[in-house]
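K.L.:
Shown below is the structure under consideration.
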Amino acid sequence: MRAAAVKRFVLVAALFAALAAAPAQQRAQEGAQDYAQERAAAPAQDRAEERAAMVRAAASLAAAAGVRRVDPELLAAMRAVPRHRFVPDGLRAFAYRDQALPIGHGATISQPAMVLMMTQLLEPRPDHIVLEVGTGSGYQAAILARLTRRVHSVEIVPELAAGAAARLAGLGYANVAVRAGDGYAGWPEAAPFDRILVTAGTDHVPPPLLDQLRPGGILVLPLGRDADSLQLTVVRKSRSGRISRRRVAPVRFVPLVRDPPAG
């Protein structure tokens with residue numbers, strides 16, 4: 001990847017991280033007003049034009065970061081999933097901007113360009129069974145649900161897990177299962193998985209996830225010593241079980257949170 005492209009990607013990611021970390025109260029007040037105006041102007045469109053513009057912007061940013069060709073099915077999925085249904089009401093005016101947004105409990109919904117890039121690297125197929133670690137509001141799971149046979153998603157925060165499960169069910173995503181728990185441990189009962197996506201930063205690849213990854217599978221996660229050194233990383237398990245890693249780009253993510261040890 002060209003150094004200039006990486007630098008641009010890091011600068012944009014840092015900008016969106018700063019926006020996500022900014023105080024939400026002012027954005028919520030402005031968002032409520034803007035969103036009401038938008039819905040009054042176009043109540044029946046479900047913001048499809050905004051979604052299309054968001055996808056174009058995300059694809060352009062991903063291309064600048066080195067993604068040469070995006071799967072048309074992925075672009076179609078992102079145009080179809082109503083991202084505004086996965087953000088807090090007060091921030092819905094910002095749902096189709098290419099930025100991360102806070103969803104409560106110290107978590108965020110990733111910027112669309114990051115969702116696009118991570119999903120593209122995952123190389124999902126219609127016959128795949130996928131594990132997602134870090135459900136958040138359920139947006140990434142909804143994208144994966146349109147591209148794969150089955151999605152199992154684990155969320156450490158019970159309130160987020162319950163909200164995502166209800167939201168996904170209400171939107172008709174019957175091929176997604178959500179449960180509250182420590183994603184580090186994966187979902188052993190549903191393994192093996194063809195693909196695994198981790199949506200939080202960690203300093204090592206969790207061994208249980210490698211164990212649950214099917215031979216020939218792919219795992220994508222932000223990996224680094226600390227929050228400032230995270231690299232979006234693609235981990236592959238060969239048919240013989242050999243593990244290889246490829247760093248793609250510097251990124252910023254919230255850390256992977258674990259259950260405290262018993263006792």
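The values are calculated or read from the model by the stated rules, or taken from the named source; none is laboratory data. The model shown is predicted, which means the values in this text are computed figures rather than measured ones. We place every Cβ from the backbone using ideal geometry, glycine too, and count neighbours over all the protein chains shown.
K.L.:
Considering only segment 42-99, state which residues are in contact with a Leu (Cβ under 7 Å, 6 or more places away or on another chain) and of a type in the set (Gly, Ala, Ser). Let's see the steps before the verdict.
P.N.:
Here is the first cut: in segment 42-99, the ones in contact with a Leu (Cβ under 7 Å, 6 or more places away or on another chain) are 55, 58-59, 62, 70, 73-74, 77-78, 85, 87, 91, 94, 98-99.
Selection gives Ala58, Ala59, Ala62, Ala77.
K.L.:
Let me confirm something: among Arg179, Arg236, Arg252, which residue is of a type outside the set (Asp, Glu) and within 18 Å of Glu123 (Cβ to Cβ)? Break it down stepwise before answering.
P.N.:
Working: Arg179 fails: within 18 Å of Glu123 (Cβ to Cβ); Arg252 fails: within 18 Å of Glu123 (Cβ to Cβ).
Only one candidate passes the filter, namely Arg236.
K.L.:
Tell me, yes or no, whether segment 202-219 has at least one residue that is surrounded by 11 or more Cβ atoms within 10 Å (Cβ to Cβ) and under 15 Å from Met114 (Cα atoms).
P.N.:
There is no residue in segment 202-219 that is surrounded by 11 or more Cβ atoms within 10 Å (Cβ to Cβ) and under 15 Å from Met114 (Cα atoms).
K.L.:
Looking only at helices (runs of 4 or more DSSP H) that lie completely in segment 70-153, which have at least 1 residues being in contact with a strand residue (DSSP E or B) (Cβ under 8 Å, 6 or more places away or on another chain), surrounded by 18 or more Cβ atoms within 10 Å (Cβ to Cβ) and modelled with pLDDT of 95 or more?
P.N.:
Numbers: elements: 72-80, 112-122, 139-145.
Counting at least 1 such residues, we get 112-122, 139-145.
K.L.:
Taking segment 202-217 as the region of interest, how many residues are among the aliphatic types (A, V, I, L, M) and either touching a helix residue (DSSP H, G or I) at 6+ places or on another chain (Cβ under 6 Å) or farther than 17 Å from Leu144 by Cβ (or both)?
P.N.:
2
K.L.:
Then there is this: Collect the residues in segment 96-112 that are over 19 Å from Gly134 (Cβ atoms) and over 14 Å from the mean Cα position of the chain (by Cα), keeping them in residue-number order. Spell out how you get there, then give the answer.
P.N.:
Filtering segment 96-112 for residues over 19 Å from Gly134 (Cβ atoms) gives 96-98.
Residues satisfying the conditions are Tyr96, Arg97.
K.L.:
May I ask you to verify whether Val220 is touching a Leu at 6+ places or on another chain (Cβ under 6 Å) and either part of a loop (DSSP other than H, G, I, E, B) or at pLDDT 95 or above (or both)?
P.N.:
On the way: touching a Leu at 6+ places or on another chain (Cβ under 6 Å): yes; either part of a loop (DSSP other than H, G, I, E, B) or at pLDDT 95 or above (or both): yes.
Here the answer is yes, as Val220 does meet what is asked.
K.L.:
Starting from segment 224-246, take each residue that is closer than 18 Å to Gly66 by Cα and in contact (Cβ under 8 Å) with a residue 40 or more places away in the chain and list its partners that are of a type outside the set (Gly, Ala, Ser) and assigned to a helix (DSSP H, G or I), counting only C-beta distances under 9 angstrom and pairs at least six apart or across chains.
P.N.:
Cβ pairs passing all conditions: Leu232/Met114; Leu232/Met117; Leu232/Met118; Leu232/Leu121; Val234/Leu121; Val234/Leu122.
K.L.:
On to the next question. Which condition breaks for Ala93 when tested against (1) in contact with a helix residue (DSSP H, G or I) (Cβ under 6 Å, 6 or more places away or on another chain); (2) closer than 27 Å to Val234 by Cα?
P.N.:
(2)
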